[in-house]
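Data block below; observations after.
What follows is calculated from the coordinates using simple rules that are stated; it is not laboratory data. Every value quoted in this text rests on a predicted model; they were computed, and no experiment measured them. Positions of Cβ are backbone-derived with ideal geometry, glycine not excepted, and every protein chain shown enters the neighbour counts.
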Amino acid sequence: MSDQLFFQAIKLAMKASKEYVGLEPSKEVDVMRKLGYELGKAAAKLIESSELNTLVKELSDIWSEHGYGKLEFTSTDPMVIEVWDCVDCLGKKYGVDIPLCSFKEGFLEAILSEKLNLSMRVREVECCGTLNDHCIFHVEFI
């Protein structure tokens, strides 16, 4: 499978995750997080960077290039990732009072863990599901 085709499959998985989990997530959240993690491990093999500064740039480029939205690391201590124009939220504000992007939590966690060789947990703290206009993820090192 080509790199381009692989990253297009990731985009489809992101879109499908919102439909699978729906607006009343339960155990499906764990399934989507695990799916994101496994695909993130595969994606990490296609990413060259293994140093934080260049990894941030490469991830941002991949996010834009493949139409996932706009990804920015807005802080490194604590590490905060913000995603704008998310492919599956697309600026919608669902207002279900819970974050909805469990797939992206797993996906980002796997890439960062694999490439930086560190144990961490990525947790979404703001989302269209919480009436935010973009997604915010916190990275906790463990």
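Would you please give the FRET efficiency between K11 and E38, computed as 1/(1 + (r/R0)^6) with r the Cβ-Cβ distance and R0 = 22 Å, to the nearest 0.05? Let's see the in-between values first.
Details: r = 16 Å, r/R0 = 0.73.
So the FRET efficiency works out to roughly 0.85.
Could you check the spin-label model distance between T74 and S119? Points 7 Å from the Cα along Cα→Cβ, value in nm.
About 2.9 nm, to one decimal.
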